[in-house]
1. Looking at segment 204-224, which of its residues are of a type in the set (G, A, S) and either surrounded by fewer than 24 Cβ atoms within 10 Å (Cβ to Cβ) or within 13 Å of the chain's Cα centre (by Cα) (or both)?
2. Taking the conditions exactly as written (in contact with a strand residue (DSSP E or B) (Cβ under 8 Å, 6 or more places away or on another chain), under 18 Å from P469 (Cβ atoms) and buried (at least 24 other Cβ atoms within 10 Å of the Cβ)), does T142 satisfy them or not?
3. Could we say that P401 is under 20 Å from V262 (Cα atoms), part of a loop (DSSP other than H, G, I, E, B) and over 18 Å from the mean Cα position of the chain (by Cα) here?
4. Quick check on segment 238-249. Is at least one of its residues aromatic (F, W, Y), surrounded by 16 or more Cβ atoms within 10 Å (Cβ to Cβ) and either closer than 30 Å to A319 by Cβ or out of contact with any Lys or Arg (no Cβ under 6 Å at 6 or more places or on another chain) (or both)?
5. Kindly indicate which of S370, S422, S345, S405 is among the polar types (S, T, N, Q) and touching a strand residue (DSSP E or B) at 6+ places or on another chain (Cβ under 7 Å).
6. Looking at segment 24-52, which of the residues that are within 24 Å of the chain's Cα centre (by Cα) and charged (D, E, K, R) is nearest to Q167 (Cα to Cα)?
7. Could you check segment 87-100 and list, in sequence order, the residues that are in a loop (DSSP other than H, G, I, E, B), of a type in the set (A, V, I, L, M) and more than 17 Å from F55 (Cβ to Cβ)?
8. Do the conditions hold for L454, that is, is it of a type in the set (A, V, I, L, M), over 20 Å from the mean Cα position of the chain (by Cα), part of a helix (DSSP H, G or I) and farther than 22 Å from L228 by Cα?
Amino acid sequence: MHELLRKSAREVVRLLARGEVSALELIDLVEARVAETDPVVNALPTRCFERARAFVREEVLRRPADPPPGYLYGLPVAIKDLVDVAGVRTTYGSPIFADHVPERSDASVEMLEAKGAAIVAKSNTPEFGAGAQTFNEVFGTTANPWNTALTPAGSSGGSAVALATGQVWLASGSDLGGSLRTPASFCSVIGFRPAPGRVAHGPAALPFQTMAVEGPMARNVGDAALFLDAQAGQHPADPLSLPAPAIPFLRAVEEPVAPKRVAVSMDLGLGPVHREVREIVARAAASFQDLGAEVVEDCIDFGDAERMFQALRGIGYAAARQPLLERHRDKLKPEVIWNIEKGLSLDAAEIAWAERERGLLYQRTIAFFSRYELLLTPTAITLPYDKRERYVKEVEGVQFPTYISWVVPALAITLTSCPAISVPCGFSREGLPVGLQIVGPPRGEHKVLAAARLFEALHGLDAKVPIDPREGK
């Protein structure tokens, strides 16, 4: 692996800014690394290197005299295949859109390109992002580089694998029920779900929804902060988008403030956790004492979080995808059909209940964060599993009723709208990654990033990636 591919995104951006390396050289390196590794992992099935080369030639001419926080100077970036990139095949992982080439980029891509990001590829994702396992009928299955017989999870699995294998320095992700966080846990990288509106996206069928968000993925916390600075800001296509913060997110990791009191919960009161995951995360959470924090076992009362989430998710799927069900049912995977039909089956009383309960949950969340600065949990309740399995059916003898029931620690946090990051916290006895989820108060991204950076510095697990794919059986 070339030395530049091993460097952090921040180091490479500094080299670009000083003119010590060219963006064209980096694109060449990325293209070679993808050619070397992607036949094994299938992370970046759609590539647009010539478009990226044309972009960086123009970027030099358009570069502002005083670049804003998060400016990337032509750094190669991968974009999840749920997100439109103008002139680049964008399939959403669906055979319905196998040949789709959008004319306009999503707002999130426009924001990134305005900050000097060179889009080099689209990362693999399950159909419409449904399911925490990255496979689809267009491009096939993505493999976990720590053991290629296993899954990287999903739905941002392609992005997580591209980072872990050194194909790119930064990659975009999106998260409804853990789609940023779970792949980060399974691949030993960073996945950060920011507050709704923090990263603009659209035009969207449901521009006022607050469940699904775009966010940064990176190999380390500092790079994730840099990427969030590149992503953040208002855009007219997104009515909920927030202005970029007065204090850059990168400042939170350069001058981190340690938390004084944190809570930890192994299961959020919602279900089973694999015994090895529980042991590893418990040790990781206890190490916050070494940062000077009081660590207390406590948790938000999440109520019937899964029922709440299923209802609100179902509404979104029905609203956005019902026309596809009517026209292309034979081309949709079962899980997508189930989501749409779940939404269509809901009555007004169930929808009203879910909305009321989410409001009450938010009030309990506010009260909780008046007592604690952070909540620590496992990112995922189990270890990476066989990539031939569509989803996790059982953990510790407990069987799950639906294909997404196993991602409860992630989906429960989604309901709160709180920012949450997955940071590597250890490895199983078989060498499989485990992630710690750090949750902060509403719009508390700076606090989450600071704590994640201090934890990362304490344990040094960011040095474990990138890796060459490891063949598994």
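1. Within segment 204-224, A204, A205, A212, G215, A218, A224 meet the criteria.
2. Yes: the conditions hold for T142.
3. Against the criterion (under 20 Å from V262 (Cα atoms), part of a loop (DSSP other than H, G, I, E, B) and over 18 Å from the mean Cα position of the chain (by Cα)), P401 does not qualify.
4. Yes: one or more hits.
5. S422
6. R33
7. Hit for segment 87-100 is A98, nothing else.
8. On the way: of a type in the set (A, V, I, L, M): yes; over 20 Å from the mean Cα position of the chain (by Cα): yes; part of a helix (DSSP H, G or I): yes; farther than 22 Å from L228 by Cα: no.
So L454 fails the test.
The values are calculated or read from the model by the stated rules, or taken from the named source; none is laboratory data. Not measured: the values here are computed from a predicted model. We place every Cβ from the backbone using ideal geometry, glycine too, and count neighbours over all the protein chains shown.
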